[in-house]
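Accompanying notes for the structure given below.
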Amino acid sequence: MIKRIISLMLTLLMCLSLAACGSKGSDAQIIYPIDSDPEYLDPQIISDVGAKNIIANCFEGLVTIDGEGNIAPGCAESWSISPDGLTYTFRLREDCEWRVSSYAGAVIGDNYKETFDTKITAEDFVFAFRRALRPETKSPGAKNLYSIKNATQVNNGSLSEEKLGVKATGNHTLVITLEWADPDFLYTLLEPACMPCDETFFELTGGRYGLAIKYLLYNGPFYISNWADDTSISLRRNEKYYDSANVKPASIYFSMNNEQATRLDKIKNGTYDVAPLTADQASEIADSKKYSVAAFPSSVMSLIFNCKDENLNNINIRRAIAASFDVDTLRSQLGELTADGIIPSSMILSGEPYRQKAEKLSLYTSKNPRALLEKGLLQTDKDDIEVTVLCSEAHEEVVRMIMQSWQSTLGVNFNVFVEAVDEVTLQSRTKSGDYQIALCPVSYSSVTAFNGVLRFSTDSAHNICNFSDSMYDQIIRSIKTADGSEASLNATLKAEKYLISSCVLIPLYEQAVYYGIGKNVSSVTFTSTGEILYFKNTLAE
């Protein structure tokens, strides 16, 4: 059943607007659950998914996505791209302004209507990009901005932020110069880190920007009207938004509920209009005529290798391990959608689904993995090796099945153990590199395939496999200089093949995120990975 759900969703393009059966209504309140109370709502530094969804509905960047899931004008009413793809010139709307709540008056003064300029200008975007890339900001989204000229050097502190390729050439004209022609740069501009930030207001918050309602301004379709700690965050339609007349819901209610088991029932009884579901919950209503299910394959369950580990830094040892178990049998037992590569099918290249354009990749195989192990042991001057596989408690039995294959094929020179931990610990330890081999989902914070392969380059701060290879770095550089979408596709595919042949990780199956959509609810718009939901056009009754 889950395979069927995913396969249906794979035919969709960049984003998705889904409609449930039933009548449509407007001026409704949309209720959506998030796991926990965000620590802060600062667009330049948030990483929490719940916070990202609040920001996506309260802020708007240079571009947005329309009801069909296509890139559309946001704060910029138009833009042009130079023939070499390196210079983007944005013309900002002159009717974009900040929505200043009465709470914010405590920060900028009670007479703010006379003293504070609410007009949004190009400088608000210059400051936002610079702030996102300041080393001290430690923005999780900074790495997705590295295609901007000098962004990497600004982020590592080797260049001043004034050298960043983002300039205001007038109040309503912004010019962004890129380091390389990034065909998906407009999608990068949907990132929270790219939301505008008023420097004057930011400085007046005294380092508390985004920590409470009074420390925020809004320029999106909604604004925060109430923030009840550990309970809810309420949004109301922003009357200052340039397109407020076409914003359908009157309000959005983000309810804090980390009890996954209750969410399906709350969809059924009408408490929630939209809610994240488990795979089993999605299966339960997949054939319902009352509800809709949206599935987005956004991560790949993989065996990943810590390439800095003294037992695993040799390619022949990794290849011996990779070739010593039956991947197809494992995949059939797991019953999920087989991964066609390292990049999941929700990610894009040149504005189109990458996996639909890229060929299905074969995993590394060998007729004599034991000989590879012996060669690796000789090269590393070892008699045997000992490794531990880190996994979630739910996958311990699967790992033990793999271990039997390894020990049977590789013999006494290979000793393997399993360590099962909870999901939070698994995520934390793989992120910090505290593992040898791990069975875990590899997810991506960007929607673009290039950023997906970029994370495994030597200088990436998010290289969870600690892989360092000059040939691979050269392939990454070739993507940056690729001329046209076909060249970009071929270079990105080459990077995927290199990672697989080097046995940096073994992609097993795609994991999807699922959403249930209640009856009489329509036009919920998602990003291609399903991480962010836009409610501007949502109708409910």
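None of the figures in this text is laboratory data; all of them are computed from the coordinates on show. This structure is a prediction, so every number in the text was calculated from the model and none was measured. We place every Cβ from the backbone using ideal geometry, glycine too, and count neighbours over all the protein chains shown.
How big is the Cα convex hull of the chain in projection, averaged over all directions, in nm²?
The orientation-averaged projected area of the Cα hull of the chain comes to 24.5 nm².
Calculate one ³J(HN,Hα) per residue across segment 287-304 by plugging θ = phi - 60° into the Karplus curve 6.51 cos²θ - 1.76 cosθ + 1.60, and present them in order as whole Hz with x for glycine and proline.
Computed from phi, the couplings for segment 287-304 are 9, 6, 8, 8, 10, 10, 10, 10, 10, 10, x, 10, 8, 10, 5, 9, 8, 10 Hz.
Farthest toward the dipole's positive end in the chain, which of Pro38, Trp79, Trp98, given Cβ charges of +1 (Lys, Arg) and -1 (Asp, Glu) about the Cα centre?
Trp79
What are the semi-axes of the equivalent ellipsoid for segment 262-321, taken as the square roots of 5 times the Cα gyration tensor eigenvalues, largest first, in whole Å?
So the three semi-axes of segment 262-321 are 43, 12, 8 Å.
Over segment 225-269, what number does the Rg to Rh ratio reach, with both radii from the alpha-carbon atoms and Rh per Kirkwood?
For segment 225-269, the value is 1.11.
Based on Cβ point charges of +1 for Lys and Arg and -1 for Asp and Glu, what charge dipole magnitude is obtained for the chain about its Cα centre, in debye rounded to the nearest 20? Please list the in-between numbers first.
Working: 49 positive and 68 negative charges, 174 e Å.
With Lys and Arg at +1 and Asp and Glu at -1, about 840 debye.
Considering segment 22-151, what Rg and Dmax in Å follow from its alpha-carbon atoms?
Rg, Dmax (Cα atoms, Å): 17.5, 51.
With a Förster radius of 30 Å, plug the Cβ-Cβ distance of Glu359 and Glu179 into 1/(1 + (r/R0)^6) and report the FRET value to the nearest 0.05.
The formula returns an efficiency of 0.60 here.
How far is the Cα center of segment 37-54 from the Cα center of segment 488-520, in Å?
Taking the Cα centre of segment 488-520 as reference, the centre of segment 37-54 is 25 Å away.
Please work out the Cα convex hull volume for segment 298-512 and give it in Å³ per residue.
Roughly 113 Å³ of hull volume per residue.
In whole angstrom, and with the biggest value first, how far do the Cα coordinates of segment 225-328 range along each principal axis?
Projected onto its principal axes, the Cα set of segment 225-328 covers 62, 36, 29 Å.
Quick check: Cα centre of segment 110-156 to Cα centre of segment 234-282, how many Å?
One Cα centre to the other: 29 Å.
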